[in-house]
Amino acid sequence: MTDHEVRLAARPETADDDPLVRTLMTRRLLGIVPGAPIPVALQLMADGVVRHLPVMDGDRCVALVGETDLLKSLVRRALTVADVCRPAPAVRPGDRRSTAAQVMAAAATDAVVVVDGDRLVGIVTATDLVRSLAAR
């Protein structure tokens, strides 16, 4: 590749078939701290009608907890979110939908957080990906 050539993430004719993460992500975020009790996390999910919560340490997302993690906690008798959360796989707003799907698959999870530098700006779930594909 020469200095003046540009490599595109997708061929121009397929770029619209693989939209940017920023067009899919949910921007209305509910987060929780690692030390929060499991019942608080469950109530927050129920009240906010969400299935995933970014786990925050100040302004930084340090993990992700999903409803499945919280349900498993009931069997394991876990007490706090920190006991059941998992690393938060991340993508950037300018990444493509296919990248979000690949990151989810590699992490064996159904959600990724969207970060701009260290700042959490959104979340993309498997449901968002399905909705995006269905809208084509």
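The values are calculated or read from the model by the stated rules, or taken from the named source; none is laboratory data. All of these numbers come straight from a predicted model, not from anything done at the bench. Calculation scope for accessible area: heavy atoms of the full protein, side chains included, ligands and nucleic acids excluded. Shrake-Rupley method; radii C 1.70, N 1.55, O 1.52, S 1.80 Å.
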- Message: Give the average over all directions of the projected area of the C-alpha convex hull of the chain, one decimal, in nm².
- Response: 9.8
- Just the number, please: carbon plus sulfur as a percent of the accessible area of segment 54-121, 1.4 Å probe, no ligands or DNA/RNA counted. 50
- Select from ALA106, ALA126, ALA90 the residue whose mean-square fluctuation is largest in a Gaussian network model of the chain (Cα-Cα springs shorter than 10 Å). ALA106
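To check you understand DSSP bridge types, tell me what percent of the beta bridges within the chain (both residues inside) are antiparallel, rounded to 5. Intermediate results must be reported in sequence, preceding the final value.
Numbers: 16 of 19 bridges.
The answer is about 85 percent antiparallel.
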